[in-house]
Amino acid sequence: MVEGSGTLEEQLDATKRKSAEVRQQRAQFKRIEDHGAKLEERLILDNRYTEHSTVSLAQAWDQLDQLGMRMQHNLEQQIQARNQSGVSEEALREFSMMFKHFDKEKAGRLDHHEFKSCLRALGYDLPMVEEGQFDPEFEKILDHVNPNRDGYVSLQEYMAFMISRETENVNSVDEVIQAFRALTDHGERPYITRDELFAVRYDRIGSPLTTLVLSCRIWQKNRPTTASGE
């Protein structure tokens, strides 16, 4: 309907204006329906001046109107995600552009093959399997994105999934930073000493503190040594 450019708010305003323009043309379409009814009354069923019928035009108009509503909902969803979850506008734009790239028919949805290709393009390391072969990793993603298995992933379902994954990444970074601050006198020191690191008794696997400590310990164990042995 409109090309995405500018901020999310600017794109939303442009989409709303274009949707309003489309709806304003509904009166013109009513005139076409009236003319079509008159032709049918006179048993004129073929119109050599156009290949379109009033039915096909009505379907196309409804699809365009629905497209506008889907685009508005998607942009509102992105704005909410950016404001509440910390997902960057650049990441949201990349998700949206990648969906459009694989949505060749501009239907607002991807089949499972297109969705899988889209995820790979975004950096997901999904295994290559033969067509028809069970892919447990991808099926796990579909359980979350498309549990009813209708064969398609809508734009709304896709964006909700990508936002949730990106939100998890944002939260993980924030939690690790908080754990670092807890070990460094609330951030007063920009480092953790080796003794402090190995003195920490981590509580449970998966917690921010555990993640930080184990990551640092692995790095300490495997880091390359210099000529002086440091």
Seminar exercise, completed: For region 59-73, in residue order, the Karplus 3J(HN,Hα) values (coefficients 6.51, -1.76, 1.60; θ = phi - 60°; whole Hz; Gly and Pro = x) are 5, 5, 5, 4, 5, 5, 5, 5, 4, x, 5, 5, 5, 4, 4
Exercise. Average projected area of the Cα convex hull of region 13-102, in nm²?
Worked result: 7.8
Exercise. According to the square roots a ≥ b ≥ c of the eigenvalues of the Cα gyration tensor, what is the shape class of region 1-156, taking rounded for a/c under 1.5, prolate for a/b larger than b/c otherwise, and oblate for the remainder?
Worked result: oblate
For this session: At most 13 other Cβ atoms within 10 Å and a DSSP loop assignment: could you name the trypsin sites (Lys or Arg not before Pro) in region 121-165 that fit?
Result: Arg149
Seminar exercise, completed: region 1-132 accessible area per residue, 1.4 Å probe, protein heavy atoms, integer Å², reads 70
Exercise. Between region 22-47 and region 141-163, what is the C-alpha centre distance in whole Å?
Worked result: 39
Exercise. Over the heavy atoms of Glu76, what accessible area does a 1.4 Å probe trace out, to the nearest 10 Å²?
Worked result: 80
Problem set entry | Within the accessible area of region 75-140 (1.4 Å probe), percent carbon and sulfur | 49
Seminar exercise, completed: Checked region 61-133 with the C-alpha gyration tensor, a ≥ b ≥ c its square-rooted eigenvalues, rounded below a/c of 1.5, otherwise prolate if a/b is larger than b/c and oblate if not; verdict oblate
For this session: Excluding residues on the same chain fewer than 8 positions from Lys116, give the lysines whose Cα lies under 22 Å from its Cα.
Result: Lys100, Lys104, Lys106, Lys140
For this session: Run down the lysines and flag those whose C-alpha is under 24 Å from the C-alpha of Lys38, throwing out any fewer than 8 positions away in its chain.
Result: Lys30
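The values are calculated or read from the model by the stated rules, or taken from the named source; none is laboratory data. The structure displayed is predicted, hence computed values, not measured ones. Note that we place each Cβ from the backbone using ideal geometry, even for glycine, and neighbour counts take in every protein chain shown. Protein only, heavy atoms only, side chains kept; ligands, DNA and RNA dropped before computing areas. Shrake-Rupley method; radii C 1.70, N 1.55, O 1.52, S 1.80 Å.
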